[in-house]
Amino acid sequence: MGKQNGFGMVSCVNLLLWLWVLIFVMKLMPLYWEHYLVVTAVEKSIKHMEVGKQDPVAVMDAINRGLLMNNVKNLGPDNFTIKIVDQKPQVTLNYFEEKPMMFNISLMVKFNDEFKSK
């Protein structure tokens, strides 16, 4: 018969490490999903802008409608910089999210994207 092994110290550390990685991923996933929704809303808003209505206020209104449809509530006009270059909108998105992980450890993720109309 073979030698039996129990649940030793190495197995316990290995289990705790995988549990920590799982918690880390589960805390980060909603942040990146929401960022994906924001990026999608901004890209669609820029893509469907009419040629004559490309002032910064109209672009921000279109972006706000997209964010509202995707249920994104933690971003506002202060997170966006909108410029009109060659009659095409250019949007810069800059924000960060902070999410408590456990005890006194928090995760902070910074997002900085630029979008140009084609």
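The values are calculated or read from the model by the stated rules, or taken from the named source; none is laboratory data. Owing to the predicted nature of the structure, the values given are computational and were not obtained by experimental measurement. Positions of Cβ are backbone-derived with ideal geometry, glycine not excepted, and every protein chain shown enters the neighbour counts.
Answer yes or no as to whether Leu28 is loosely packed, with under 11 Cβ neighbours inside 10 Å, within 24 Å of the chain's Cα centre (by Cα) and not charged (D, E, K, R). The answer is no for Leu28. Given the criteria among the polar types (S, T, N, Q), closer than 20 Å to Lys116 by Cβ, modelled with pLDDT of 90 or more and in a helix (DSSP H, G or I), does Asn94 qualify? The answer is no for Asn94. In the stretch 47-66, the residues that are among the charged types (D, E, K, R) reach residues that are crowded, with 16+ Cβ neighbours inside 10 Å and at pLDDT 85 or above with C-beta atoms within less than 8 angstrom, at least six apart or across chains, in these pairs: Arg65/Ser45. Per the listing Thr40, Thr81, the residue uniquely surrounded by 12 or more Cβ atoms within 10 Å (Cβ to Cβ) and assigned to a strand (DSSP E or B) is Thr81.
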